[in-house]
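Notes follow once the structure below has been shown.
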Amino acid sequence: MVYSFFEPELSRDSLGTYVILDHVRIAAEMHLPYVYLGYWVPGSAKMGYKARFGALEVYSRGQWLPLRNPADYGADVHPLSVDPIAEQVANIQLPDMRDQRG
């Protein structure tokens, strides 16, 4: 599943969390070492669940950095002041690729 739906009145049920856990299960069954959660928008109620998962990284100033505290990334950041999604995705480096693309 690529997309899911968000119903604010049911936010405590967290469909997004369920979808990610299902993706983790599927990845484990397929012996895949990683699950890509897709982009995260700081301050977005629809995407807040993503920040609750560990080992997250954010793309900032041309590099992927560990997301230590979601509150450090404000919702007031203008979309045009961050790198385009295409650049972010093109620069994804899995741990076993870092030496090759670094």
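The equivalent ellipsoid that matches the C-alpha gyration tensor of the range 8-101 spans semi-axes of 22, 21, 10 angstrom, in descending order.
How much FRET efficiency would the formula 1/(1 + (r/R0)^6) give for LEU65 and HIS31, where r is the Cβ-Cβ distance and R0 is 35 Å, rounded to 0.05?
Values: r = 28 Å, r/R0 = 0.80.
Efficiency for this residue pair is about 0.80.
Label separation (LEU15 vs ILE92): 2.2 nm, computed from points 7 Å beyond Cα along the C-beta direction.
How high is the FRET efficiency from HIS23 to SER81, r the C-beta distance, R0 41 Å, rounded to 0.05?
On the way: r = 30 Å, r/R0 = 0.73.
The formula returns an efficiency of 0.85 here.
Each reported figure results from applying straightforward, stated rules to the coordinates on display, with no laboratory input. Only a predicted model underlies this, so the values are computations on that prediction, with no experimental measurement involved. Ideal geometry is used to build each Cβ from the backbone, glycine not excepted, and the neighbour counts take in all protein chains shown.
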